[in-house]
Amino acid sequence: MDHRTELREFLKSRRARLRPGDVGLRDYGRTRRVAGLRREELARLASVSIAHYTRLEQGRGEQVSDEVLDAIGAALRLDPDELAYLHSIARRPRPCAVAEKHAEDVPAGLRFLMESLPLTPALLLGPQTQIVGWNDLALAVFGDFTALPPQRRTFSHLLFTRAHSRDLHGEGWEDAARDHVAHLRFLYGRYTGSLAIAAHIEDMRALSADFARMWAEHPVARLRTRSYVLRHPVVGELTLHGERISLPDRPSCYGMDLFAAEPGSASDEALRRLGGR
């Protein structure tokens with residue numbers, strides 16, 4: 001992936017989703033040749049010169065100040081995750097080495113922690129969404145992904161290349177998949193310059209037309225809390241609430257996903273059955 005192309009396409013996608021009326025401008029009813037705001041309209045809203053904004057949209061953002069990026073972000077009505085992403089990709093990326101450790105390299109303390117949660121499906125994730133650690137209940141809920149080769153044992157591959165995951169998520173698959181793509185773009189910004197993440201994204205674009213379609217929509221969002229309604233082949237409908245716990249001091253394990261059901265609910269009972277409790 002080329003960061004200049006990504007910066008250009010991201011800004012164009014955010015201009016395209018705004019109409020003049022959304023930001024207090026008049027369009028006088030004329031036919032518009034471009035979707036959304038024109039460059040000059042956006043530049044005027046952000047109080048920057050059209051030349052300055054055009055250079056940025058051409059991928060030449062190395063000399064742009066944080067204040068200008070903030071002004072452009074405000075004009076585009078970016079949310080906090082999108083604004084952070086703009087700041088990340090506007091700069092020329094520096095080489096970024098991201099470790100690619102596998103399950104046997106997981107620190108013992110984290111492994112013990114996951115194993116001590118018999119009623120909580122737990123997954124440990126690497127920076128390219130690799131699944132580098134798990135407990136038995138996670139396998140029981142999400143399927144035995146250990147059969148996948150380590151280089152394809154990722155959330156991306158689970159969601160986009162395995163029929164089991166589509167069946168498990170049912171009608172909620174599209175939302176879950178788009179949330180994942182949005183988070184992967186957040187990671188691309190966080191680890192800008194990482195050849196490993198760029199290669200993973202290109203691999204997924206080639207493997208899955210759905211992934212390529214969603215990536216082209218340029219969603220950006222840091223995945224935190226979410227809910228899944230799963231159609232489990234053994235226990236039936238299963239509603240789980242997920243939380244992603246950041247691990248900032250572990251470059252090879254950037255986060256842990258923990259899932260829980262409402263206490264006393266049918267889903268709670270189903271988890272206990274899956275966990276043999």
All positions within the range 43-86 that are in a helix (DSSP H, G or I), touching a residue at least 40 places away in the same chain (Cβ under 8 Å) and not hydrophobic (A, V, I, L, M, F, W, C): 57, 81, 82, 85
Residue match in the range 245-254 (condition: at pLDDT 95 or above, of a type in the set (Gly, Ala, Ser), exposed (fewer than 14 other Cβ atoms within 10 Å of the Cβ) and touching a strand residue (DSSP E or B) at 6+ places or on another chain (Cβ under 8 Å)): no
Residue 205 assigned to a loop (DSSP other than H, G, I, E, B) and of a type in the set (Lys, Arg): no
Output for the range 213-228, where each listed residue is surrounded by 14 or more Cβ atoms within 10 Å (Cβ to Cβ) and among the aliphatic types (A, V, I, L, M): 214, 220, 221, 223
Boolean, residue 195 is at negative phi and crowded, with 21+ Cβ neighbours inside 10 Å: no
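The rows are residues; the columns are (1) assigned to a helix (DSSP H, G or I); (2) modelled with pLDDT of 95 or more; (3) within 25 Å of residue 151 (Cα to Cα).
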position: 197; (1), (2), (3): yes, no, yes
position: 213; (1), (2), (3): yes, yes, yes
position: 220; (1), (2), (3): no, yes, yes
position: 229; (1), (2), (3): no, yes, no
position: 239; (1), (2), (3): no, yes, no
position: 276; (1), (2), (3): no, no, no
Hey, residue 269 in the same structural domain as residue 153 (by TED's automatic domain parsing) and either on the phi > 0 side of the Ramachandran plot or assigned to a loop (DSSP other than H, G, I, E, B) (or both) or not: no
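The values are calculated or read from the model by the stated rules, or taken from the named source; none is laboratory data. The structure displayed is predicted, hence computed values, not measured ones. Here the Cβ is made from the backbone with ideal geometry for all residues, glycine too, and neighbour counts use every protein chain on show.
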